[in-house]
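As structure tokens, the structure follows; a few thoughts come after it.
The values are calculated or read from the model by the stated rules, or taken from the named source; none is laboratory data. This is a predicted model, so every value here is computed, not measured. In this analysis, Cβ positions are derived from the backbone assuming ideal geometry, glycine residues included, and neighbour counts consider all displayed protein chains.
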Amino acid sequence: MRDLPHSDDWIPDRRRTIGARIRAERRHQGLTQDQVWAAARLDRRTIQHAEAGIEVKLSTLLRIAWVLGVPLARLVDEDEQPAASGE
């Protein structure tokens, strides 16, 4: 078991990493944000927030992972490296 750091400064970095993974996977599949939010039945702004690393609900991440056809772990695992976005 690990103790949490005294500060939560690491959390925004983790959220940005998750957002980058969502964006990279979406682009890898040739999907637009509009396609993902419509398929996930989410608000357009929610997808934008997720990709920007702004805090979103777990249910939102589950919906995005489902629509992208990837395990949630691929988006949030600390050991996973973000996929190359090709841009």
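Brief remarks on what is shown
- A search for C-beta distances below 9 Å between a residue of the range 44-71 that is surrounded by fewer than 13 Cβ atoms within 10 Å (Cβ to Cβ) and any residue that is in a loop (DSSP other than H, G, I, E, B), counting only pairs 6+ apart in sequence or on different chains, returns 69/29; 71/77.
- Odd one out for residue 18 among (1) of a type in the set (A, V, I, L, M, F, W, C); (2) touching a helix residue (DSSP H, G or I) at 6+ places or on another chain (Cβ under 6 Å); (3) assigned to a loop (DSSP other than H, G, I, E, B): (3)
- All positions within the range 56-87 that are under 12 Å from the mean Cα position of the chain (by Cα), modelled with pLDDT of 95 or more and assigned to a loop (DSSP other than H, G, I, E, B): 56, 57, 70, 71
- Counted residues, the range 5-52 - those being touching a Phe, Trp or Tyr at 6+ places or on another chain (Cβ under 7 Å) and among the basic types (Lys, Arg): 1
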